[in-house]
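Provided herewith is a single structure, encoded as structure tokens, for subsequent inquiry.
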Amino acid sequence: GSESPEEHAAYVWQFYVRQCAARRICIMAHSYGGAVVLELASKFTPDFDKCVFAIALSDSPMRAYTKSFNKNVVAMLKKKAINWGASDRPVNQFLFDRDYGEVRSAGHLAHEWTSHTAFDAIFKFFEEERAKLERNGN
């Protein structure tokens with residue numbers, strides 16, 4: 001199943017992620033990858049909610065994608081996701097809050113560069129979220 005990005009992600013989740021020894025997973029997705037993450041969260045809601053502790057998005061137009069998804073799935077994402085959007089503000093500066101999560105500046109206006117310029121902030125986010133899990137005994 002790799003006929004579409006969503007089918008490919010579902011295949012990987014079902015045959016690799018579910019089979020792996022890792023109990024905690026973080027996801028990084030660029031642009032349309034946000035829609036793929038929403039599809040995964042919808043299709044595998046219990047697993048996704050239990051395993052995924054952080055979701056970093058880069059310049060993903062999530063407002064367009066979230067309209068067609070269950071509000072409970074979108075609310076689950078809000079607890080786990082930050083979207084680094086194209087902006088000339090300093091990297092990681094808070095821009096605004098949305099129903100799917102916080103939006104911060106990627107520090108660059110070009111869509112193609114947002115993952116690169118937000119790279120350090122994204123991995124710091126992953127490290128901080130992982131540390132919270134460890135403090136809570138997870």
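Here, each number is a calculation from the coordinates, and none is a lab measurement. Predicted model, so just to flag it, every value in this text is computed and none were measured. Positions of Cβ are generated from backbone atoms using ideal geometry, with glycine treated the same way; all protein chains shown enter the neighbour counts.
Can you work out the FRET efficiency for the pair His111 and Asn136, with r the C-beta to C-beta distance and R0 = 35 Å, to the nearest 0.05?
Computed FRET efficiency for His111 and Asn136 comes out at 0.45.
Can you tell me what the convex hull of the Cα atoms of the chain projects to on average, as an area in nm²?
8.3
Among Ile55, Ile25, which comes first, second and so on when ranked by fewest other beta-carbon atoms within 10 Å?
Ile25, Ile55
Projected onto the charge dipole of the chain (+1 at Lys/Arg Cβ, -1 at Asp/Glu Cβ, origin at the Cα centre), which of His8, Leu38, Ser87 gives the Cα projection farthest towards the positive end?
Leu38
Let me have the relative contact order for the chain, percent, based on Cα pairs under 8 Å that are six or more residues apart.
18 percent.
Hey, could you pull the Cα Rg and Dmax for the range 1-77, both in Å?
Spelled out, the Cα radius of gyration and Dmax of the range 1-77 are 11.8, 34 Å.
Nearest 20 debye, what's the magnitude of the dipole of the range 23-135 about its Cα centre given +1 on Lys and Arg Cβ and -1 on Asp and Glu Cβ?
In total the dipole reaches around 420 debye.
Now for a separate question. Given H placed 1.01 Å from N in the peptide plane, which residues other than close sequence neighbours of Ser58 have an amide H under 5 Å from its amide H?
Ala29, His30, Ser31, Trp84
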